[in-house]
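The values are calculated or read from the model by the stated rules, or taken from the named source; none is laboratory data. Bear in mind the structure is a predicted one, so any value in this text is a computation, not a measurement. Backbone-built Cβ (ideal geometry, glycine too); neighbour counts: all protein chains shown.
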Amino acid sequence: MELNSILYSKENGIAWAQFNRPDKLNALNSDVFADIGRVVDDVALDDAVRVLVITGGDKVFAAGADIQEMSRGDIAGTYKFTDAGIQITERLADLGKPTIAAISGYALGGGLELALCCDFRIAADTAVVGLPEITLGIIPGGGGTQRLPRLINYSIAAEMVMLGGMMKAERAHQLGILNRVVAQEALKEEVVKFAGQLMARAPIALRAAKTALRKGLNVSLKDGLCIEQDLFAMLFGTADQKEGMAAFLEKRKAKFTGK
Ligand code: COA
């Protein structure tokens with residue numbers, strides 16, 4: 001697979017996608033977005049990959065969409081750019097496997113918006129998050145105004161979107177934007193440990209859990225309970241449900257096969 005702006009590797013069930021524009025603080029241009037689409041497709045089809053980690057490396061996650069590229073935008077071009085962006089970020093958010101954003105340094109604008117498409121955000125204490133688009137005379141265009149208030153309190157989200165300030169890791173952790181915050185040196189180990197815990201779970205059940213959580217957020221409780229019920233019943237057709245319950249009854253550790 002040919003990628004222009006992302007370093008991509010796979011190790012022990014984890015696919016690592018690392019933005020690779022360090023001199024531009026990993027600003028996300030169309031090349032990066034196209035690469036993310038390719039990575040998501042690859043992860044979806046590769047049974048050996050159980051968890052996708054998106055990262056920017058040790059210094060910076062991503063300082064937003066590429067302002068240089070955007071500065072030349074007009075209305076028609078911006079619709080085209082955001083159409084592509086929405087398709088790719090939705091594919092990432094809908095991926096049937098768990099996703100983790102591993103964040104060091106700035107995760108701003110489009111960087112934070114991409115991280116919000118992941119199921120989990122694990123950060124170093126160097127992380128700084130924010131949606132500064134308003135300071136450029138625009139608003140977030142990668143899902144920030146929609147995903148953030150679905151994740152945290154509305155008025156905090158409104159403050160982030162309408163004032164455009166930046167927030168340090170500890171506060172973002174308190175607010176629930178970040179799942180874990182650790183020292184920079186411990187970030188990779190923490191991400192691998194978290195991914196390992198996910199990989200010990202049954203893959204089809206994980207997929208069902210993600211679908212129930214995500215789809216349920218946008219429907220009434222009654223409809224959400226229906227979604228959950230169908231997925232719950234479906235899992236009783238899997239070998240992993242038989243194995244998980246047999247293992248419990250036989251007082252041993254379950255060996256899930258993803259079937
Ligand atoms: N788009 C394009 N280029 C960017 C960028 C972005 N979002 N963020 C940083 N860069 C570039 C800078 O232009 C600079 O390039 P240069 O060396 O060719 O001039 C390089 O990355 C380093 O950035 P710099 O601003 O010098 O680093 P800093 O440590 O002083 O400041 C930030 C870091 C993150 C505070 C600052 O870069 C910033 O505010 N970036 C924009 C954040 C933003 O508004 N994001 C939302 C975009 S919609």
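Quick notes
- Condition met for Gly85 (surrounded by fewer than 24 Cβ atoms within 10 Å (Cβ to Cβ), at pLDDT below 95, within 16 Å of the ligand (Cβ to nearest atom) and not in a strand (DSSP E or B)): yes
- Yes/no for Pro140 being part of a loop (DSSP other than H, G, I, E, B) and free of Cβ contacts under 8 Å to residues at least 60 places away in the same chain: yes
- Inside region 162-209, residues that are of a type in the set (A, V, I, L, M, F, W, C), within 30 Å of Ala247 (Cβ to Cβ) and part of a helix (DSSP H, G or I) make up a count of 11.
- Here the condition is being within 18 Å of the chain's Cα centre (by Cα) and under 21 Å from Met166 (Cβ atoms); of Ala17, Ala101, it holds for Ala101 alone.
- Looking across region 162-208, the residues that are within 22 Å of Asn12 (Cα to Cα) and small (Gly, Ala, Ser) come down to Ala186, Ala195, Gly196, Ala200, Ala202, Ala205.
- The residues on offer are Ile75, Ile67, and the sole one that is within 12 Å of the ligand (Cβ to nearest atom) and either among the aliphatic types (A, V, I, L, M) or in contact with a strand residue (DSSP E or B) (Cβ under 7 Å, 6 or more places away or on another chain) (or both) is Ile67.
- Matching residues, region 1-60, being of a type in the set (A, V, I, L, M), in a loop (DSSP other than H, G, I, E, B) and touching an Asp or Glu at 6+ places or on another chain (Cβ under 7 Å): Met1, Leu3, Ala27
- Residues located in region 210-238, provided they are in contact with a helix residue (DSSP H, G or I) (Cβ under 6 Å, 6 or more places away or on another chain) and assigned to a loop (DSSP other than H, G, I, E, B): Thr238
- Among all residues of region 35-57, there is at least one that is away from the ligand (no atom under 15 Å from the Cβ), basic (Lys, Arg) and crowded, with 19+ Cβ neighbours inside 10 Å.
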